[in-house]
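Here the structure comes first, spelled out in structure tokens, and everything after it is commentary.
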Amino acid sequence: MAKKATGISYEDIVRQVRAGDFKPIYYLMGEESYYIDRVSDYIVEQALTEDERDFNLTILYGPQTVGEEVVNAAKRYPMMAERQVVVVREAQGLPNKDALTFYAQRPMPSTILILCHKNGTLDRRTNLAKEIQKAGIVFESPKLKDYQLPGFVNGYVRRKGLEIEPDACQVLCEHVGTDLNRLASELDKLVVALGEHGRITTQSIQDNIGISKEYNSFELVAALAEKNVLKANRIVKYFDSNPKNFALQPTLATLFKFYSELLLAYYAPNRSEEGIAAWLEQSTWQVRRNILPAMRVYTAMKVYTIIGEIRRTDGASKGVGGQKTSDGDLLKELVFMILH
């Protein structure tokens, strides 16, 4: 769920709009563009019919216009429709944005003005932000944290009428990362392939997206967590033999994230599965699968050393030290050090 200090969420806005409760101004901002685009598109879709959009939908671009032009567009009357919608994309680049302050004090009741401000936020202390908040909605869409991705995936899949296995969810999140637009795109491929009421498994991800269910960073972490030497070396060998399916930097990022969280787990006030999950802001399933097994076979000092070695490997992959070693060999050396 995309929610910030204002208390308004994506779901809240969708519910209001679906009920016909339109605000005169929406300021959509934040680091995560996914929800900004979805809110903007949904308001347009619900506010205007397709025929009405020809004359009553105005799209402006921040860097190519100025605040006064936005105000003039917003003050126009709709043509043969109840309302008009003015959308300002890339509003973060809109010159003289303060010109909107006076408009926000007395907005046109027949206009819905949507400002899309990506990769940043409007200072809530400004008069513009305060006036928009009084007249309409200021919505902030923060970048999701890694631990929030499974929740996003499960919710998205559920709305599409499908289910997803925990392993498959984790593999997809590890592979795609926090880019929600790309994550949604990959999930849409699976929806089309499996149809309604399907179940997403690691096999279906391999078949439709191309992520190997056995040879991926997620499985490498699982092998290292329990010091499964055979499985870990088999995955490393696969990576080395398939350079097109392997990139060292994302793999190092995954390993660094895991061992950093493992180090934090040693400082959890409550060492139970639930206590560590709350401390790390992870699901109990993740803690049970990787963190607890790793705590049994690694000391905190060893984990600290591993983190340093991951940093060194990252530097070596970027040419630090002057010696050029292949990515495959660097990963082999790192995994050997971790396991011994």
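The values are calculated or read from the model by the stated rules, or taken from the named source; none is laboratory data. In this text, all values refer to a predicted model and were calculated from it rather than measured experimentally. All Cβ positions, even for glycine, are placed from backbone atoms using ideal geometry, and neighbour counts span all protein chains on display.
From Ala253, Ala222, Ala193, Ala232, which residue is at pLDDT 85 or above, more than 25 Å from Ile338 (Cβ to Cβ) and of a type in the set (A, V, I, L, M)?
Ala193
Could you go through the stretch 51-66 and let me know if any residue there is touching a Cys at 6+ places or on another chain (Cβ under 8 Å), surrounded by 14 or more Cβ atoms within 10 Å (Cβ to Cβ) and part of a strand (DSSP E or B).
There is no residue in the stretch 51-66 that is touching a Cys at 6+ places or on another chain (Cβ under 8 Å), surrounded by 14 or more Cβ atoms within 10 Å (Cβ to Cβ) and part of a strand (DSSP E or B).
Are there any pairs with C-beta distances below 7 angstrom linking a residue in the stretch 194-216 that is among the charged types (D, E, K, R) to a residue that is outside any loop (DSSP other than H, G, I, E, B) and at pLDDT 85 or above, with the two at least 6 apart or on different chains, and if so which?
Close Cβ pairs (under 7 Å, with a partner that is outside any loop (DSSP other than H, G, I, E, B) and at pLDDT 85 or above) amount to Arg199/Glu163; Lys213/Thr202; Lys213/Gln203; Lys213/Ile205.
Could you please find all residues in the stretch 235-254 being surrounded by fewer than 19 Cβ atoms within 10 Å (Cβ to Cβ) and not in a helix (DSSP H, G or I)?
Those that are surrounded by fewer than 19 Cβ atoms within 10 Å (Cβ to Cβ) and not in a helix (DSSP H, G or I): Asn242, Ala247.
Quick one: in the stretch 1-22, which of the residues that are among the polar types (S, T, N, Q) and either part of a loop (DSSP other than H, G, I, E, B) or in contact with a strand residue (DSSP E or B) (Cβ under 8 Å, 6 or more places away or on another chain) (or both) is modelled with the lowest pLDDT?
Among those residues, the one meeting the criterion is Thr6.
From Ile205, Ile132, grab the single residue that is within 30 Å of Ala81 (Cα to Cα), touching a helix residue (DSSP H, G or I) at 6+ places or on another chain (Cβ under 7 Å) and either modelled with pLDDT of 90 or more or not aromatic (Phe, Trp, Tyr) (or both).
Matching residue, one of Ile205, Ile132: Ile132.
Failed condition for Arg296, given (1) surrounded by 17 or more Cβ atoms within 10 Å (Cβ to Cβ); (2) assigned to a helix (DSSP H, G or I); (3) not aromatic (Phe, Trp, Tyr), with all others met?
The failed condition is (1).
Take the conditions touching a helix residue (DSSP H, G or I) at 6+ places or on another chain (Cβ under 9 Å) and either of a type in the set (Gly, Ala, Ser) or in contact (Cβ under 8 Å) with a residue 12 or more places away in the chain (or both) and apply them to Ile36. Does it pass?
Spelling it out, it is not the case that Ile36 is touching a helix residue (DSSP H, G or I) at 6+ places or on another chain (Cβ under 9 Å) and either of a type in the set (Gly, Ala, Ser) or in contact (Cβ under 8 Å) with a residue 12 or more places away in the chain (or both).
Quick check on the stretch 220-234: of everything there that is in contact (Cβ under 8 Å) with a residue 24 or more places away in the chain and in a helix (DSSP H, G or I), which residue is surrounded by the most Cβ atoms within 10 Å (Cβ to Cβ)?
So the residue we want is Leu224.
Name the residues in the stretch 32-54 that are over 23 Å from Asp146 (Cβ atoms) and among the hydroxyl-bearing types (Ser, Thr, Tyr), would you?
Scanning the stretch 32-54 gives Ser40, Tyr42, Thr49.
Would you check if there is a residue in the stretch 90-98 being in a strand (DSSP E or B) and in the same structural domain as Leu128 (by TED's automatic domain parsing)?
So far as the stretch 90-98 goes, no, none of its residues is in a strand (DSSP E or B) and in the same structural domain as Leu128 (by TED's automatic domain parsing).
Looking only at residues in the stretch 159-185 that are of a type in the set (Asp, Glu) and within 21 Å of Pro142 (Cα to Cα), which one is surrounded by the most Cβ atoms within 10 Å (Cβ to Cβ)?
Glu174
Any idea how many residues of the stretch 12-35 are farther than 17 Å from Val86 by Cα and buried (at least 19 other Cβ atoms within 10 Å of the Cβ)?
Total meeting the criteria: 5.
Output yes when any residue across the stretch 119-129 is among the β-branched types (Val, Ile, Thr), surrounded by fewer than 20 Cβ atoms within 10 Å (Cβ to Cβ) and part of a helix (DSSP H, G or I), and no when none is.
No, the stretch 119-129 contains no residue that is among the β-branched types (Val, Ile, Thr), surrounded by fewer than 20 Cβ atoms within 10 Å (Cβ to Cβ) and part of a helix (DSSP H, G or I).
Which residues, counting only those in the stretch 149-199, are more than 14 Å from Gly210 (Cα to Cα) and among the β-branched types (Val, Ile, Thr)?
Hits for the stretch 149-199 are Val153, Val157, Ile164, Thr178, Val191, Val192.
With the condition kept exactly as written, say whether any residue in the stretch 258-279 is in contact (Cβ under 8 Å) with a residue 60 or more places away in the chain and surrounded by 13 or more Cβ atoms within 10 Å (Cβ to Cβ).
No, every residue in the stretch 258-279 fails to be in contact (Cβ under 8 Å) with a residue 60 or more places away in the chain and surrounded by 13 or more Cβ atoms within 10 Å (Cβ to Cβ).
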